[in-house]
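Every number here is computed from the coordinates shown, using simple stated rules; none is lab data. For clarity, every value in this text was computed on a predicted model and none was experimentally measured. Cβ sites come from the backbone with ideal geometry, for glycine too, and all protein chains shown count toward neighbours.
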Amino acid sequence: MTEQTLVLIKPDGLKKSLTGNILTRLSETKLEIVAVKITRVSRELAEEHYQQMKEKPFFKELIGYIRGELHQRHKVMAMVYWGEGAIAKVRQLTGSTNPEEADPVSIRGAYGRITTKGIYENVIHTSTDKKEAEREIKLWFSPDEIIVKNMYPIKIVEESKAKKRIWA
Ligand code: GDP
Ligand code: MG
């Protein structure tokens, strides 16, 4: 089944200069990258992204981590991978949540660590199922940022009179 999944290279992945290595690993899947950007992570975006972790004792640290507060990198690289079995293929290469338990040849097994404070620095986020992928892709990208048209149903709305920045 052709599907799509969200990949985030987290601030530790950026700080450790792992972008190239991670993209090389993900290219093994032969999936297509259909959207990509470097973006800052507002508190609202971080809390929405990790909404299901709200009750966890490490929630505050998790929000700080994804916002780059631990790594002086206040951004993530966000991508959408698209193709046959995308979610499982990417998840397989990602490895387990706990980097010490992750398969050593997986991305998290190879590059992740647990800090002395107990934070799982696992270098990437990837969606776990179709429903999560849809929620996350819609959260991180607008329809026009994705090269595959109408990946999910869209609607057209009038532009407000809000100001925006354009090249001078
Ligand atoms: P994922 O889908 O494999 O990323 O795992 P989850 O959705 O369960 O958790 C989201 C993120 O929360 C993980 O990637 C970790 O960064 C963090 N996390 C999850 N479980 C733990 C934990 O037990 N301890 C700590 N410190 N962080 C965790
Ligand atoms: Mg998850």
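Things to note:
- Over the range 2-145, relative contact order from alpha-carbon pairs under 8 Å, at least 6 apart, %: 36
- Note: the range 57-153, Cα convex hull, 122 Å³ per residue.
- With the Kirkwood sum run over all distinct C-alpha pairs, the chain has a hydrodynamic radius of 16.8 Å.
- Residue pairs, from the table Lys37/Lys163; Lys37/Lys75; Lys30/Lys75; Lys60/Lys130, whose Cα atoms sit over 18 Å apart: Lys37/Lys163; Lys30/Lys75; Lys60/Lys130
- A convex hull fitted to the Cα coordinates of the range 94-151 yields 112 cubic angstrom per residue.
- Stretchable slack from Glu55 to Lys163, in nm (0.36 nm times residue separation minus alpha-carbon distance): 35.1 nm
- What the Cβ-Cβ distance of Ile154 and Arg43 gives, at R0 = 30 Å and to the nearest 0.05, is a FRET efficiency of 0.65.
- Peptides 159-167, 15-23 ranked from most to least packed give 15-23, 159-167, packing being the mean of other C-beta atoms within 10 angstrom over each peptide's residues.
- Spin-label pair Thr115-His74: with each label point 7 Å from Cα along the Cα-Cβ axis, the two points sit 1.7 nm from one another.
- Annotation: the antiparallel percentage among DSSP beta bridges lying fully within the chain is about 100.
- The charge dipole of the range 2-145, taken about its Cα centre with unit charges on the Cβ of Lys, Arg, Asp and Glu (plus for the first two, minus for the last two), comes to roughly 440 debye.
- Each stretch of four or more DSSP H residues adds -39500 (n - 2.57); spread over every residue of the chain, this sum gives -8500 deg cm²/dmol at 222 nm.
- Computed from phi, the 3J(HN,Hα) profile of the range 105-115 under the Karplus parametrisation 6.51, -1.76, 1.60 (θ = phi - 60°) reads 8, 6, 4, 5, x, 6, 10, x, 7, 9, 6 Hz, with x in place of Gly and Pro.
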